[in-house]
């Protein structure tokens, strides 16, 4: 089994409000905002964006999240280095981290088992 394509993009920022306004100017709508300076934005059927504010002392990261329909059936090909196998998350999914030949890490997200 392979991935079902890009599901989301996870972005870290130093200013949630400014970043949310930036993406709203590009056509995204805030789907929900949390009480800790983060939230999810969506633009039609495109992958959703999750933006989380991090301290100024930390370099903001960007992470592409690939959708996997069934984590138990997923098999990484020989060229795919599994950094961490599927693990339950606090938000009801299971995530796996893989590394590409250039050393970049990627997140695979499958439905949680619970």
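The values are calculated or read from the model by the stated rules, or taken from the named source; none is laboratory data. A quick note: this is a predicted structure, and the numbers were derived from the prediction, not measured. Ideal geometry is used to build each Cβ from the backbone, glycine not excepted, and the neighbour counts take in all protein chains shown.
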Exercise. Of all residues in segment 71-104 being without any contact (Cβ under 8 Å) to a residue 12 or more places away in the chain and outside any loop (DSSP other than H, G, I, E, B), which is surrounded by the fewest Cβ atoms within 10 Å (Cβ to Cβ)?
Worked result: 87
Problem set entry | Answer from 107, 62 - the residue that is closer than 30 Å to residue 17 by Cβ, surrounded by 15 or more Cβ atoms within 10 Å (Cβ to Cβ), in contact with a strand residue (DSSP E or B) (Cβ under 9 Å, 6 or more places away or on another chain) and touching a residue at least 12 places away in the same chain (Cβ under 8 Å) | 107
Seminar exercise, completed: Of (1) within 16 Å of the chain's Cα centre (by Cα); (2) more than 25 Å from residue 16 (Cβ to Cβ); (3) surrounded by fewer than 17 Cβ atoms within 10 Å (Cβ to Cβ), residue 68 satisfies every one except (3)
For this session: Of the numbered conditions (1) modelled with pLDDT of 95 or more; (2) over 16 Å from the mean Cα position of the chain (by Cα); (3) within 19 Å of residue 112 (Cβ to Cβ), residue 21 fails exactly one; give the number of that condition.
Result: (3)
For this session: Report, by residue number, each residue of segment 1-35 that is in a loop (DSSP other than H, G, I, E, B), in contact with a strand residue (DSSP E or B) (Cβ under 8 Å, 6 or more places away or on another chain) and either farther than 22 Å from residue 59 by Cα or touching a residue at least 60 places away in the same chain (Cβ under 8 Å) (or both).
Result: 3, 4, 5, 28
